[in-house]
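Working notes, beginning with the structure itself.
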Amino acid sequence: MKFFGGIKSVGTWVGIVRNLGWLAMVVAGAIYVGAKYAGSNESVPSSVSSIALGLVAFGAGLLVGTLTMQRRMSKTAEYSWESAEYLYEFDPADILRHRQTVRITIRANKHNVEMFKNRYRWTGVGDITRPAVRSPGHTLMTEISRDRSWREYYVVFDRPLRKGAKTEIEIFQELNDVGRTFEPMLAKIIVEPIGSLKLRVIFPQAMRPAEARAIEFIRSRGGGTEWEIADEWPVPIDSNTGEAVYEMKRPKIGARYQVVWDGANYPR
């Protein structure tokens, strides 16, 4: 099961472009120093100087551009995520029936913030109820299916938030995996800065694994779309409640955090 609350971050691309800018600067310096060393006391050829200066200008342009983009992104963000908690449960009487409760606290960065937007993806196949907004003063405006997997929903506030004000949004959904395609994981991609993230999974006795694992993924260093494991560690499962909890402070933007477990006891 994959239940994501976001997509690949624009901040990731900004980081890649910024790294290219620094790389261009380093290459320019290496070319100039190499030419200077090779020519000993002779002056550096004008063609080499032109190439080095061109790379410096290119790299500086990329660095200035990414800095400008980051400033614009920070200025245009209407709100910040203070915390996010994802709770995933299974019906003990019918393991194919799942429930998810999401609690997200946001802080307004501007006056008159009127709406919250989020995305998710589920790997099960079957019935998915529309997100039910349980928090008072909030109303689901709409849910949109962007493609075959990602869904996007909007929550409207009855009273707009003033700058600095906080509110907690609670979303509840029921899911029925009639296709039995559910993958044994709960995941969150960090699209925007979050103060703290908590992933909770409660297993019924009939499908309780011996252990769960927490994994932090980052994008491939080659700039592709593949994920690489940055860190991994075991997550204990409470013997009484069957709950596994993965919590972290200030997760990295562009990274993916997930709880995974052995799905051998899940009906296929």
**Fill in**
For Val191, the lone unmet condition from (1) in contact with a strand residue (DSSP E or B) (Cβ under 7 Å, 6 or more places away or on another chain); (2) crowded, with 20+ Cβ neighbours inside 10 Å is (1)
**Fill in**
Residues of the stretch 93-114 being in contact with an Asp or Glu (Cβ under 8 Å, 6 or more places away or on another chain), part of a strand (DSSP E or B) and either closer than 15 Å to Ser135 by Cα or open to solvent by 10 Å² or more (accessible area, probe 1.4 Å) (or both), in sequence order, are Leu96, Arg97, Arg99, Gln100, Thr101, Val102, Arg103, Ile104, Thr105, Ile106, Arg107
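Applying the selection to the stretch 229-268, what residues are hydroxyl-bearing (Ser, Thr, Tyr), open to solvent by less than 80 Å² (accessible area, probe 1.4 Å) and not in a strand (DSSP E or B)? Spell out the reasoning first.
Keep residues of the stretch 229-268 that are hydroxyl-bearing (Ser, Thr, Tyr), which gives 239, 241, 246, 257, 266.
Next, from what is left, pick out any that are open to solvent by less than 80 Å² (accessible area, probe 1.4 Å): 241, 246, 257, 266.
Correct list: Thr241, Tyr266.
Filter the stretch 119-128 for residues that are of a type in the set (Val, Ile, Thr) and either open to solvent by less than 60 Å² (accessible area, probe 1.4 Å) or part of a strand (DSSP E or B) (or both); which is modelled with the highest pLDDT?
Taking the stretch 119-128 and keeping what is of a type in the set (Val, Ile, Thr), we get 123, 125, 128.
Subsequent filtering for residues that are either open to solvent by less than 60 Å² (accessible area, probe 1.4 Å) or part of a strand (DSSP E or B) (or both) retains 123, 128.
Values: Thr123: 90, Ile128: 86.
Only one residue tops the list, namely Thr123.
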**Message:** Report every pair of residues separated by at least 6 positions or lying on different chains whose Cβ atoms are under 7 Å apart, first residue within the stretch 89-118 and over 12 Å from Ile202 (Cα atoms) and without any contact (Cβ under 8 Å) to a residue 40 or more places away in the chain, second open to solvent by less than 60 Å² (accessible area, probe 1.4 Å) and not polar (S, T, N, Q).
**Reply:** Lys117/Glu152; Lys117/Tyr154
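The values are calculated or read from the model by the stated rules, or taken from the named source; none is laboratory data. The shown structure was predicted, so the numbers you read here are calculated from the model rather than taken from an experiment. Every residue, glycine among them, receives a Cβ derived from its backbone with ideal geometry; neighbour counts consider all protein chains shown. The area values use the complete protein model at the heavy-atom level, side chains included, leaving out ligands, DNA and RNA. Shrake-Rupley method; radii C 1.70, N 1.55, O 1.52, S 1.80 Å.
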